[in-house]
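What follows is a set of notes on a single structure, which appears directly below.
The values are calculated or read from the model by the stated rules, or taken from the named source; none is laboratory data. Small disclaimer: the values here were computed from a predicted structure and weren't measured. Because the Cβ atoms are built from the backbone with ideal geometry, glycine has one as well, and the counts that use them run over all protein chains shown.
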Amino acid sequence: MLRLQKFLAEAGVASRRAAEELIRAGKVEVNGAVIRELGTKVNPIVDRVVVDGQRVQLKRKIYIALHKPPGYLCTRSDERKRPIIGELLPKEWSSLYPVGRLDRDSEGLIFVTNDGDFALQLTHPRYGIRKKYLAIVTGRVEPSKLKSFTAGVQHRGELLKAAKARLIDANNTRSLVELELAEGKNREARRLFETLGMVVERLQRIQIGPIKLAELKPGKWRTLTEAEIKSLLKKL
């Protein structure tokens, strides 16, 4: 027996938190009855679960590492018909959803899956999965300035903090900085540099937990191995 929200997450309908909202909204039926109680348990083999009129069944879990190019949105659809990362994957994987986000202008490693629990555990702040970025910014970054990133800085009423910040190279025109972030706040890397009055010209995520972007080319993808999946979950 599985809790209903866990079943929906494992079936790839939504993350567990989003599945809870579907239940509260009365959009989920079990054996013909509308369910609003989050503690409800179902038998995936026997019970008939329906969401918005569509029957839901457990699917084979899929875990993809994708190199997102700039200009693509990390979403399953866009009303303005802008490019989305799903267009880079086989059509039969249209139900997969991104694990976390990279903003439209950023690039690099992102996972795509139909495993809601996996997505939740890699994105929830309490698990602290670290993500590593390379940022090219305008102007010269002084190493002393990067200490403020690891100490924590205020930006628009929110505390931003990098786990690590390292200057790789700098001249009077541009600087190359490596950042390691643990909380995954919205546009956190770019906002850190905003506090210094600097603009990020290019931002690339090169690592999530122990998984590296490595030689994966822009727009290309690969499946995560069982060992890689286990290595990510070991960090939790």
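Among the residues of region 101-110, are any over 28 Å from VAL137 (Cβ atoms), outside the structural domain of VAL199 (by TED's automatic domain parsing) and part of a strand (DSSP E or B)?
Let us first name the residues in region 101-110 that are over 28 Å from VAL137 (Cβ atoms), namely none.
No, the conditions are met nowhere in region 101-110.
When the test is whether a residue is without any contact (Cβ under 8 Å) to a residue 12 or more places away in the chain, closer than 13 Å to ASN114 by Cβ and acidic (Asp, Glu), GLU79 does not pass it.
Return yes when SER106 is at pLDDT 95 or above, under 26 Å from PRO90 (Cβ atoms) and among the hydroxyl-bearing types (Ser, Thr, Tyr) and no when it is not. Give the steps one after another, and end with the answer.
Details: at pLDDT 95 or above: yes; under 26 Å from PRO90 (Cβ atoms): yes; among the hydroxyl-bearing types (Ser, Thr, Tyr): yes.
Judged against the criteria, SER106 is a match.
Taking the numbered list (1) part of a loop (DSSP other than H, G, I, E, B); (2) free of Cβ contacts under 8 Å to residues at least 24 places away in the same chain; (3) among the polar types (S, T, N, Q) in turn, ASN172 passes all entries but (2).
Looking at region 202-215 only, could you name the residues that are surrounded by 14 or more Cβ atoms within 10 Å (Cβ to Cβ) and either small (Gly, Ala, Ser) or more than 18 Å from the chain's Cα centre (by Cα) (or both)? Show your work before the answer.
Taking region 202-215 as the starting set, the residues that turn out to be surrounded by 14 or more Cβ atoms within 10 Å (Cβ to Cβ) are 202-209, 211, 213.
Answer for region 202-215, where residues must be surrounded by 14 or more Cβ atoms within 10 Å (Cβ to Cβ) and either small (Gly, Ala, Ser) or more than 18 Å from the chain's Cα centre (by Cα) (or both): ARG202, GLY209.
The listed residues are ARG190, ARG202, and the only one of them that is in a helix (DSSP H, G or I) and modelled with pLDDT of 95 or more turns out to be ARG190. Looking only at region 149-179, filter to residues that are surrounded by fewer than 16 Cβ atoms within 10 Å (Cβ to Cβ) and among the hydroxyl-bearing types (Ser, Thr, Tyr); which one of those is nearest to PHE193 (Cα to Cα)? Ranking the candidates gives THR150 first. What are the residues in region 90-103 that are more than 18 Å from LEU181 (Cβ to Cβ), within 13 Å of the chain's Cα centre (by Cα) and not hydroxyl-bearing (Ser, Thr, Tyr), if any? Residue satisfying the conditions is LEU96 alone.
Scanning region 19-64 for residues that are closer than 30 Å to TRP221 by Cα and of a type in the set (Lys, Arg) yields a count of 4. The lone criterion from (1) of a type in the set (S, T, N, Q); (2) within 19 Å of the chain's Cα centre (by Cα); (3) surrounded by 16 or more Cβ atoms within 10 Å (Cβ to Cβ) left unmet by ASN186 is number (3).
Listed conditions (1) among the polar types (S, T, N, Q); (2) surrounded by 17 or more Cβ atoms within 10 Å (Cβ to Cβ); (3) assigned to a loop (DSSP other than H, G, I, E, B) are all met by SER95, apart from (2). Close contacts from region 45-56, counting a first residue that is more than 9 Å from LYS27 (Cβ to Cβ) and a second that is of a type in the set (Phe, Trp, Tyr), with Cβ to Cβ under 9 Å and a gap of 6+ residues or different chains, come to ASP47/PHE7; VAL49/PHE7; VAL56/PHE7.
If we keep just the residues of region 120-137 that are in contact with a helix residue (DSSP H, G or I) (Cβ under 8 Å, 6 or more places away or on another chain) and assigned to a helix (DSSP H, G or I), which is nearest to ILE211 (Cα to Cα)? Spell out how you get there, then give the answer.
So the first thing to find is which residues in region 120-137 are in contact with a helix residue (DSSP H, G or I) (Cβ under 8 Å, 6 or more places away or on another chain), and the list is 120-122, 127, 129, 133, 135, 137.
Filter once more, keeping what is assigned to a helix (DSSP H, G or I): 120-122, 127.
Details: LEU120: 17, GLN121: 15, LEU122: 12, TYR127: 16 Å.
Ranking the candidates gives LEU122 first.
Being assigned by TED's automatic domain parsing to the domain that holds ASP103 and part of a strand (DSSP E or B) holds for only one residue in ARG166, ARG222, and it is ARG222. If you go through region 39-53 and keep only what is small (Gly, Ala, Ser) and either more than 22 Å from ARG17 (Cβ to Cβ) or modelled with pLDDT of 90 or more (or both), you end up with just GLY53.
Of everything in region 131-148 that is at pLDDT below 95 and surrounded by 17 or more Cβ atoms within 10 Å (Cβ to Cβ), the residue that is nearest to GLU183 (Cα to Cα) is LEU146. Here ALA9 meets the list (1) of a type in the set (A, V, I, L, M, F, W, C); (2) surrounded by 21 or more Cβ atoms within 10 Å (Cβ to Cβ); (3) in contact with a strand residue (DSSP E or B) (Cβ under 9 Å, 6 or more places away or on another chain) almost entirely, failing just condition (3).
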